Amino acid sequence: MAVSIRQVHPVFVGEVSGIDATRPLAADEVAAIEAGMDRYAVLVFRDQHITDEQQVAFTRHFGEIENSTGGHVTRPEQKRLDPLMNDVSNLDQNHRPLARDDRRRLFNLGNQLWHSDSSFRPVPAKYSILSGRIIVDHGGNTEFADMRAAYDALDDDTKAEVEHLVCEHSLIYSRGLLGFTELSEEERAMFRPVRQRLVRTHPKSGRKSLYLSSHAGTIVGWPMPEARAFLRDLNEAATQPERVYVHRWRQYDLVIWDNRQTMHRVRRFDDNLIRDMRRTTVAGDAPTAAQAAA
Ligand code: OGA
Ligand code: MN
């Protein structure tokens with residue numbers, strides 16, 4: 001069946017038909033999805049009743065899988081899923097909702113802040129692929145913002161100002177915004193800030209985008225309060241409703257987004273209910289900025 005993509009938002013986002021993500025893809029299908037990602041930045045596939053193994057195989061069509069370790073406060077023995085999978089659910093290793101005050105749950109609440117996945121890693125992620133295995137029927141929408149459109153909307157002076165800026169990103173900063181500040185020495189070392197350019201250029205389309213994320217906590221060479229005030233302004237402008245797509249989940253939706261061109265966040269939902277979301281992540285290929293010496 002031929003692949004077709006229908007744009008479902010005025011600015012970005014396509015809904016794909018003609019793909020069965022549970023089976024190996026042909027080269028022309030992979031090429032059509034990649035071209036769709038370059039253009040729409042977010043693609044939605046409906047009715048993909050996929051297993052973890054199939055999701056891993058699907059993901060590998062688009063590059064190497066990013067290792068999920070080092071991005072969480074969950075200890076290895078508490079993991080519910082294979083390390084190739086990112087567990088974005090609200091569940092513990094026995095598939096039960098995490099208690100209200102569970103540290104892992106409080107850390108996960110950071111996903112409600114606008115972010116780009118793995119911007120806290122020296123080589124940040126390319127695509128994220130999220131499968132809705134069990135969804136909630138109130139809240140829990142995932143929102144996406146087009147960061148190319150956000151860049152385009154800046155005035156010329158601001159474009160010139162941001163062009164060569166480099167930010168420091170860390171889970172310490174994003175979780176700090178929520179008052180999650182108790183971290184062990186080991187966690188602090190694991191979450192050491194990394195540097196990312198504030199403006200990125202897409203390798204295929206050549207379009208520029210603002211590389212923002214809740215993980216960004218300062219700008220290299222700037223006083224921190226001034227950096228944070230500026231980043232807040234940029235975030236506010238970037239996430240205006242006309243540049244935001246709201247994804248209302250149906251069970252077995254599979255959503256792919258390009259972290260180089262978008263930000264996303266999940267909206268609040270009732271954490272007594274089971275929300276089982278499983279993500280695979282395609283690794284990026286290079287740092288966006290030179291890293292400071294350790
Ligand atoms: C993610 C994420 C949002 C959600 O998978 O990276 O932020 O809707 N998920 O669970
Ligand atoms: Mn995320």
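The values are calculated or read from the model by the stated rules, or taken from the named source; none is laboratory data. The structure presented is a predicted model; accordingly, all values stated were derived computationally and were not measured. All Cβ positions, glycine included, derive from the backbone under ideal geometry; neighbour counts span all protein chains shown. When the accessible area is computed, the model is the full protein with side chains, heavy atoms only, and any ligands, DNA or RNA have been set aside. Shrake-Rupley method; radii C 1.70, N 1.55, O 1.52, S 1.80 Å.
Just a few scattered comments:
- Restricting attention to the stretch 244-270, the residues that are open to solvent by 30 Å² or more (accessible area, probe 1.4 Å), in contact with a helix residue (DSSP H, G or I) (Cβ under 9 Å, 6 or more places away or on another chain) and more than 10 Å from ligand 1 (Cβ to nearest atom) add up to 2.
- Qualifying residue in the stretch 141-154 (condition: within 16 Å of ligand 1 (Cβ to nearest atom), at pLDDT 95 or above and in a loop (DSSP other than H, G, I, E, B)): yes
- Selection within the stretch 87-98: residues that are open to solvent by 30 Å² or more (accessible area, probe 1.4 Å) and not in a loop (DSSP other than H, G, I, E, B). The member of this set that is farthest from ligand 2 (Cβ to nearest atom) is P97.
- Qualifying residue in the stretch 129-138 (condition: more than 17 Å from R267 (Cβ to Cβ), without any contact (Cβ under 8 Å) to a residue 24 or more places away in the chain and touching a Leu at 6+ places or on another chain (Cβ under 6 Å)): no
- Answer residue from the stretch 105-126, given it is open to solvent by less than 30 Å² (accessible area, probe 1.4 Å) and either more than 16 Å from ligand 2 (Cβ to nearest atom) or in contact with a helix residue (DSSP H, G or I) (Cβ under 7 Å, 6 or more places away or on another chain) (or both) and is farthest from S209 (Cα to Cα) among those: F107
- Test: L43 is touching a helix residue (DSSP H, G or I) at 6+ places or on another chain (Cβ under 7 Å), touching a residue at least 40 places away in the same chain (Cβ under 8 Å) and in a loop (DSSP other than H, G, I, E, B): no
- Among the criteria (1) out of contact with any Leu (no Cβ under 8 Å at 6 or more places or on another chain); (2) closer than 30 Å to E187 by Cβ; (3) of a type outside the set (F, W, Y), the one E29 does not fulfil is (2).
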